[in-house]
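Down below is the structure, laid out as C-alpha cells.
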Amino acid sequence: MATHVGGLTRTAPPISGSAASADSRAAVSVRGLIRSFGPKGVLNGVDLDIAPGEFVALLGPSGCGKSTLLRALAGLDHDVRGSGVITVPDRVSVVFQDSRLLPWDTVLGNVTLGLREHDAEARSRRALAEVGLAGREKSWPHELSGGEQQRVALARSLVREPQLLLADEPFGALDALTRIRMHGLLQDLVAAHRPAVLLVTHDVDEAIALAHRIVVLDSGRVATVRTVSPDVGSTADAAGHEALRRDLLAALGVVPASGAQPTTPAEPAAVGH
Amino acid sequence: MSAAPVLERPAVEPHQDPALAGRDDVRPTGKRLGPGRRRRLAWLLGPSALLLLWTAGSATGLLDPRILSEPWTVVATAGELLADGRLQENLAISAQRALLGLFFGTLVGAVLALLAGLSRVGEALIDGPVQIKRAIPGLALIPLLILWFGIDETMKVLTITLGVFVPVYLQTHAALRGIDLRYVELAQTVGLSRAGFIRRVVLPGALPGFFLGLRFAVTGAWVSLVVVEQINATSGIGYMMELARTYGQTNIIVLGLAVYGILGLLSDGTVRFIERKALLWQRTLAG
Ligand SMILES: Nc1ncnc2c1ncn2[C@@H]1O[C@H](COP(=O)(O)OP(=O)(O)O)[C@@H](O)[C@H]1O
Ligand SMILES: [Mg+2]
C-alpha cells in the first residue's frame, strides 16, 4: 500500500486465529485522522475500527466528510492535507456511487480489469453470474440499466475477494425498487464472501437494514455509534427498529416526520458522544 | 382510457422483422432531433451531385472547355494515360510518398502525444516545440528542407511527415488529457500496473481523439504532397499536372485534380470506416 501525504497506510498483519488480541485483529484501524481542504478542517480526528467480516454503515449529513474518510481508506487522497494512522488489509475494493465502468470495455472486460490470475476470465464470469448478469458478458456498459451497471461494479469489486469493501453511496443513484433488490444482493454477496464492509450512506433505513454497526459522523468526528441486533435489522423487532431509527435521525439533527410517528411524539435527543 | 389514441402522424418506419409483419404498429412519433439512422452509400450523394452539376454545365455549354474540361474529355484522357502507363506510374509514386509521410507522421504524433500526456516532464519538453511548429506554416519549411536534404524522396516524405504529425499530436494529446480522472482513480483501486493502465484506460480513452487527428492528417498529407510535387519533382501526379500546365493541357490538369479528389475521399472514408469499427462502444450522433 502507498504511503500518502500526511498519512500512513500500512498493511495489516495477516489475521491469525486465537492468539491475536482484539485490536490487532481489526481489519481496519483509523487513529486520529485529520483531513482538510484549505483552511477548513473536514475530518478532525476520526478513530474507527472495523473487525474482519463486520459490516459498518457510515451515516452523516451531506458534506460532513464521509467520502473524504472513505477515500482516505482507499488511498485515493494523495493531495489532501492531513495526518493520522490508517491500517487497512491487503485487498481492498471500492464501489463508487457511479458504477464507473470503462465505456470502451465490455462488461466482462470491466470485471477482469486489473486481475492478474490466469483464471481471471472464468472467475469474472462466475462473479457476473453471481450478480445475475450471466449472458451479458459481451454487452457494452451503455447497453445496461443503471441497476445492472451497479451490479457489474459489485461483481468487479467482489471478484478480487476483498478483505475490505468500501462503498460510497453505491445505491444513491438508483430508484427505490432497484435499491431494495440491491440490498438483498449485497447481503447475499457479503454473506458469501465475508469482507469487512464500510458502507457510506445518507439513508438511515438502508444503514439499519444492512449494517452490524452504524457510525454517525458529525463535525469531523465519530459522534454516535450504535450496534444493530439482527432482530432490529430485519424489523422482526419492530419497536426496536423504530427506536433506533428515531435515535439515528435525532443524531443526524433531523426531526422525524410526523407521519412516521405512531404514538410518542418525537423527542430530539442530543447528539451523543 | 379505452379509446384508441388519435395520432396525427403515422408510424415512421415499417417493421423489418418478418415475425412481426402484419401486426399493428401505431406509435406516437416524437420529434427526432438527431439525424436518424445511417444509410449505406449515403456519403456518395454529395460528390455525385457535384459531378452532375459539372456534366450539366459542360453539356449546356455554360462551362467553356478551355476553362474547365468536360467530364467525358477527362475520362477519355484518363483512358489514354492509363493505356500508355503514365497515370499508374505517377499515381503509384504519389501514393507511396503520401503513405510513407502519413505513416511516419502518425507514429511520431501519437508517440509524442503519449509522452507529453503521461508525464509532466514530457509535456514540458514536447508541448512547447510542437506549438511552435504548429505556428510555422509547413510550406515555409520547404526551402530549408531542400537545403538540408536536396530534392530527393527524403525531403518530400519529410515535408509530409511534418505536416501530418501536428494534428495527430494535438488531437491525441487533447483526448488523453481529457480522460476522466474518475477512471484514473478506478485504475488505482483495481490495482492496474502502469502498463495495464496505459493499455486498458489511456489508449482506448485517447482513441477517438487519435482518429480525429488522423482524419486531419490524411487530408494534410495530400495537400503537402501536391505542394512538394509541384515545386520540385520529376514524377508524381503533381509533376504530371505541372507539366500539363506548361503545354496548356487543361484536360490533364483537371484529371489530376479529380485523382486528388478521389484519393482524398477514399482515404477519408477508409479512416472513418476503421474508426467506426474501432469505436463501437461510442454512442454518438454520427451513429
Ligand atoms: N476535492 C475537494 N476540494 C475541496 N473541497 C472538497 C473536496 N472534496 C471534498 N471537499 C469538501 O469537504 C467536505 C466534505 O466532503 P465529502 O467528504 O465529499 O462529504 P460527504 O459526507 O457528503 O461525502 C465538503 O464540505 C466538501 O466541500
Ligand atoms: Mg459523498
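Using the Cβ-Cβ distance between A:Ser219 and B:Leu107 with R0 set to 60 Å, the FRET efficiency works out to roughly 0.60. Specify whether the C-alpha gyration tensor of region A:105-169 places it in the rounded, prolate or oblate class, a ≥ b ≥ c being the square roots of the eigenvalues: rounded for a/c under 1.5, otherwise prolate if a/b is larger than b/c and oblate if not. Taking the square roots of the gyration eigenvalues as a ≥ b ≥ c, region A:105-169 is oblate.
With a cap of 15 neighbouring Cβ atoms within 10 Å, and only residues DSSP puts in a loop, list the trypsin sites (Lys or Arg not before Pro) found in region B:221-287. The qualifying sites are B:Arg283.
In this simple spin-label model, placing a label point 7 Å from the Cα along the Cα-to-Cβ direction at both B:Ile136 and B:Asp25 gives a separation of 6.0 nm.
Students often forget the sequence filter, so: which lysines lie under 28 Å Cα-Cα from A:Lys66 once same-chain residues fewer than 8 apart are removed? Partners within reach: A:Lys40.
So if we plug the beta-carbon distance of A:Ala120 and B:Leu50 into 1/(1 + (r/R0)^6) with R0 = 45 Å, what FRET efficiency do we get, rounded to 0.05? Rounded to the nearest 0.05, the efficiency is 0.25. The charge dipole of region B:70-278, taken about its Cα centre with unit charges on the Cβ atoms of Lys, Arg (+1), Asp and Glu (-1) only, comes to about 880 debye. Considering only Cα atoms, the convex hull volume of region B:97-177 works out to 80 Å³ per residue. For chain B, the relative contact order comes to 21 percent (Cα pairs under 8 Å, sequence separation of at least 6).
State whether region B:17-129 is rounded, prolate or oblate according to the following rule on the C-alpha gyration tensor (a ≥ b ≥ c being the square roots of its eigenvalues): a/c under 1.5 gives rounded; otherwise a/b larger than b/c gives prolate, and the remaining case gives oblate. Here region B:17-129 falls in the oblate category.
The 3J(HN,Hα) values that the Karplus relation (6.51, -1.76, 1.60; θ = phi - 60°) gives for region A:64-79 are, in residue order, 8, x, 4, 5, 4, 5, 5, 5, 5, 5, 7, x, 9, 10, 3, 9 Hz. Gly and Pro appear as x.
Within region B:75-170, none of the trypsin sites (Lys or Arg not before Pro) combine a DSSP coil assignment with at most 11 other C-beta atoms in a 10 angstrom radius. Summed over qualifying helices (DSSP H, 4 residues or more, each -39500 (n - 2.57)) and divided by its residue number, the protein assembly as shown shows a 222 nm mean residue ellipticity of -16000 deg cm²/dmol. By the combined test of axial Cα extent (at least 30 Å) and Kyte-Doolittle hydropathy (mean at least -0.5), the qualifying DSSP H helices of chain B come to B:86-118, B:153-177, B:203-231, B:250-278. Dipole of chain B computed with +1 at Lys/Arg Cβ and -1 at Asp/Glu Cβ about the Cα centre; of B:Leu82, B:Leu125, B:Phe104, farthest Cα towards the positive end is B:Leu125. Can you classify region A:136-225 as rounded, prolate or oblate using the Cα gyration tensor, where a ≥ b ≥ c are the square roots of its eigenvalues, rounded means a/c under 1.5, and otherwise it's prolate if a/b beats b/c and oblate if not? Because a/c hits 1.5 or more and a/b exceeds b/c, region A:136-225 counts as prolate.
Near B:Lys133, which lysines are there with a Cα under 22 Å away, not counting those fewer than 8 places off in the same chain? Correct list for B:Lys133: B:Lys156.
Rounded to the nearest 20, the size of the Cβ-charge dipole of region A:31-131 about its Cα centre is 280 debye, with Lys and Arg at +1 and Asp and Glu at -1.
To one decimal place, what Kirkwood hydrodynamic radius in Å is obtained for the protein assembly as shown from all pairs of distinct Cα atoms? Final number for the Kirkwood radius of the protein assembly as shown is 29.4 Å.
Computed packing ranks the peptides A:140-152, A:36-48 as A:140-152, A:36-48, most packed first, by mean other Cβ atoms within 10 Å. When the protein assembly as shown is described by a simple charge dipole with +1 on each Lys and Arg Cβ and -1 on each Asp and Glu Cβ, the residue from B:Ile262, A:Leu166, A:Thr224 located farthest towards its positive end is B:Ile262. Peptide packing for A:69-76, A:110-117 was compared via the average number of neighbouring C-beta atoms within 10 Å per residue; ordered from the highest value, the list is A:69-76, A:110-117. In angstrom, the C-alpha Rg and Dmax of region B:70-278 are 20.5, 70. For region B:171-287, the Kirkwood estimate of hydrodynamic radius, built from reciprocal distances between every pair of different alpha carbons, is 17.3 Å.
Where a number appears in this text, it was derived from the coordinates with a stated rule and is not lab data. Quick caveat, the model's predicted, so the values are computed rather than measured. Glycine gets a Cβ as well: all are built from the backbone with ideal geometry, and neighbour counts include every protein chain shown.
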